[in-house]
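K.L.:
For reference, the structure I am asking about is given below.
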Amino acid sequence: MPLHFINGEFTRGGATEDIEVHNPATEGVIDTVPRGTAGDAETAVKSSKDAFEVWKRTSANTRARMMHEAAEKMRAHKEQIVRLLTLEQGKPVPENEEEFEWLMNTFEYYAELGRHERGRVLPSGEYTQLNLVIKEPFGVVLCIVPWNYPLLLMAWKVAPALAAGNVVIIKPSEITPLSTLYLAEHCWDHFPPGVINIVNGYGKEIAEALVKHKDVPVIAFTGSLATGQRIASIAAPMMKKLHLELGGKDAFVIAEDADPEVAARALAYAALTNAGQVCTSTERVYLPAKNSKKFTEALVEHVKSLRLGPGIESDTDIGPMAGSIYREKIEGHVEDAVKRGAKVLTGGRRPERLKKGFYYEPTVISHVDHNMMIMREETFGPAIPLMEYSSFDEAIALTNDSDYGLGACLLTTDALKAKMFMEEVKAGTIWINDPLTDNYAGPFGGMKLSGGARELGQEGLDEFRETKHVHWEFSAAKKSWWYPYGN
Ligand code: NAD
């Protein structure tokens, strides 16, 4: 049974109970992890604090070498990591292979960025002075991770935090802790004890104890808006540094000039990858009213051809959802939409063929409007709601009519439309003709209720560094402008 990983050792800590980890494709139990307690949080923080004293003084080159070594070990364990991810998370193997690439490359990318610079020199007021801007680590960074990309979203926090000289406590999702614990055992064993600690358990229990802890100055969280708000309400009065990546309700606008075949494939990929459980999944589609029929028909035909099944099977396009509560949410959104006049064009139910597992058929639904939950709230499931627009200005206004601002997609060959979309849409990432493709050097994050944190790129490193200004006068003589003012 995988345990907590604290101070370089695997331990049950004070747990008196275990949490079962399920395979969403079969609903069977894969393994268990200890249900962490507030006492375990305390032990982890103590170890992290001690480790910080070592890690912050470790040279940037040594830190970089250890991060590269971690990436090398991950590469050697690729097959096992991808398999474990598929079993505990559910998405198809090719998608987990992609997640694995992100994991490894993020460690390599930040290994290099972390040893590149740590501040800048300013022009001083006098020749005898030196003015420095120093970037330094905060200390203990708590990394709270969700279940949809357990390793990628962990790496986007852990790698820059370590590269900047911080130590980390990882709290994986209780739904998908196994792949992270596997890394501790096989790929991170060369780091000094306590530099990476991992605790298991529920958010309200062990994670909140860490959020409240006075010796944890940074909370890096990816997850739902409600949990982000809860964390902010606890941490803000303590003036902690909050790094919040929250939900989304991303729009995809298809311009009139788009090719229906390309649109169908782009939309299906953007909305159905990971069974729609991507924070940047397309959750609202806007089609030109003039020729919406041809786009709709091509999309429905393509979606009907996709195969639902266990992620571990090689011909699976779409895997199960992560759990029953997530499937109930999409069912509620589809039911609400239908009640208000929407039409299900395909899907809209659990598949008859798959009796076990949290499956939901990929769903295309038309005649929706912004009063429906499916167009306002995060659905986080395999649904593609289609709404018509009559002008491109209206499409932009509809895109912006959301409390969230994570990402937005456009398909067009019209450069002016692309420019308008890029300038006018309030979202952290704009994808034109290539939905959901991220870049290591390109900051990823949201606007509005999606949270303002940035991961990846230089910005992703700076999130984990504090800025200090040093004014240094080389002459230690008294200054003419000091007291007394008279004479
Ligand atoms: P969640 O908020 O339920 O849980 C995320 C993590 O927070 C888990 O580890 C959980 O144990 C922990 N947690 C729960 N309650 C807590 C509390 N009171 N205090 C501290 N920690 C607590 O989210 P989820 O269901 O695991 O993930 C899905 C959500 O994540 C979606 O809303 C999705 O949009 C969002 N997400 C956002 C991004 C992004 O980059 N913006 C990326 C992926 C997922």
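No lab work stands behind these numbers, since they all come straight from the coordinates. What you see is a predicted model, and the numbers here were worked out from it, not measured in a lab. Backbone-built Cβ (ideal geometry, glycine too); neighbour counts: all protein chains shown.
K.L.:
Fewest first, what order do Tyr127, Tyr110, Tyr202 take by the number of other Cβ atoms within 10 Å?
P.N.:
The most exposed by this proxy come first: Tyr127, Tyr202, Tyr110.
K.L.:
Okay, moving on. Report P(r) for the range 189-333: all Cα-Cα distances, bin width 10 Å, range 0 to the bin holding the largest distance, values in whole percent.
P.N.:
Spelled out bin by bin, the range 189-333 gives 9, 27, 26, 21, 13, 4, 0 percent.
K.L.:
Ok, one more. Starting from the Cα of Ala226, step 7 Å along the direction of its Cβ; do the same at Ile430; then give the gap between the two resulting points in nm.
P.N.:
Computed distance between label sites Ala226 and Ile430 equals 3.4 nm.
K.L.:
Can you tell me the 0 to 90 degree angle between the C-alpha axis of helix 292-304 and the longest principal axis of the chain, rounded to 10?
P.N.:
80 degrees
K.L.:
While we're looking at this one, here's another question. Could you please state, rounded to a whole Å, how far the C-alpha centre of the range 21-50 is from the C-alpha centre of the range 258-288?
P.N.:
Here the answer is 35 Å between Cα centres.
K.L.:
Using the beta-carbon distance between Lys212 and Glu72 and R0 = 45 Å, what value does 1/(1 + (r/R0)^6) give for FRET efficiency, to the nearest 0.05?
P.N.:
My answer for the efficiency is 0.75.
K.L.:
Looking at the chain only, what percent of DSSP beta bridges run antiparallel? Nearest 5 please.
P.N.:
Of the beta bridges lying entirely in the chain, close to 45 percent run antiparallel.
K.L.:
Here is a further query. Given R₀ = 22 Å, what would the calculated FRET efficiency be for His370 paired with Lys294, taking r from the Cβ atoms and rounding to 0.05?
P.N.:
0.35
K.L.:
I would also like to ask the following. Quick check: Cα centre of the range 215-257 to Cα centre of the range 424-475, how many Å?
P.N.:
14 Å
K.L.:
Roughly speaking, what is the stretch gain from Trp481 to Glu313, that is 0.36 nm per residue apart minus the C-alpha to C-alpha distance, in nm to one decimal?
P.N.:
Taking 0.36 nm per residue and subtracting the Cα distance, the gain is 52.8 nm.
K.L.:
On to the next question. Run lengths n ≥ 4 of DSSP H only: what is the helix-derived mean residue ellipticity at 222 nm for the chain, with -39500 (n - 2.57) per run over all residues, to the nearest 500?
P.N.:
Numbers: 15 runs with 176 residues, N = 487.
About -11000 deg cm²/dmol.
K.L.:
Which of the trypsin sites (Lys or Arg not before Pro) found in the range 258-311 are loop residues per DSSP with 14 or fewer other Cβ atoms within 10 Å of their Cβ?
P.N.:
Numbers: sites: Arg265, Arg284, Lys290, Lys293, Lys294, Lys304, Arg307; in loops: Arg307.
Passing both the DSSP loop test and the Cβ count: Arg307.
K.L.:
For the chain, take the longest principal axis of its alpha carbons; what is the angle in degrees between that and the long axis of helix 260-272, to the nearest 10 within 0 to 90?
P.N.:
50 degrees
K.L.:
Another question, if that's okay. Using alpha-carbon positions, what is the distance between the centroids of the range 333-387 and the range 197-214, in Å?
P.N.:
That distance is 35 Å.
K.L.:
Sticking with this structure for a sec: Express as a percent, rounded to the nearest 5, the fraction of DSSP beta bridges in the range 250-432 (both residues included) that run antiparallel.
P.N.:
15 percent
K.L.:
Could you compute the longest span of the chain free of GluC sites (Glu not before Pro) located in DSSP loops and having at most 12 other Cβ atoms within 10 Å, not counting the site residues?
P.N.:
Between exposed loop sites, the widest span is 127-351.
K.L.:
Order these by the 10 Å Cβ neighbour count, fewest first: Met422, Met321. Let's see the in-between values first.
P.N.:
On the way: Met422 12, Met321 25.
By the 10 Å Cβ count, ascending: Met422, Met321.
K.L.:
Here is a follow-up. Label points 7 Å out from Cα along the Cβ direction at Phe10 and Glu261: separation in nm?
P.N.:
Going by the 7 Å Cα→Cβ label model, 5.2 nm.
K.L.:
How much length would be gained if the chain were fully extended between Asp189 and Glu459, taking 0.36 nm per residue of separation minus their Cα-Cα distance, in nm to one decimal?
P.N.:
Taking Asp189 through Glu459 to full extension adds about 94.4 nm, to one decimal.
K.L.:
Determine, from the Cβ-Cβ distance of Glu473 and Met239 and an R0 of 45 Å, the FRET efficiency 1/(1 + (r/R0)^6), rounded to the nearest 0.05. Let's see the in-between values first.
P.N.:
Numbers: r = 31 Å, r/R0 = 0.68.
About 0.90, to the nearest 0.05.
K.L.:
Among His370, His22, which comes first, second and so on when ranked by fewest other beta-carbon atoms within 10 Å?
P.N.:
Ordered from fewest to most neighbouring Cβ atoms within 10 Å, His370, His22 come out as His370, His22.
K.L.:
Could you give the length gained on full extension between Ala415 and Leu306, defined as 0.36 nm per residue of separation minus the Cα-Cα distance, in nm?
P.N.:
Details: separation 109, 0.36 × 109 = 39.24 nm, distance 3.19 nm.
Net length gain for the segment: 36.0 nm.
K.L.:
At 7 Å along the Cα-to-beta-carbon direction for both Lys355 and Ser324, put a label point, then send me their distance in nm to one decimal.
P.N.:
1.7 nm
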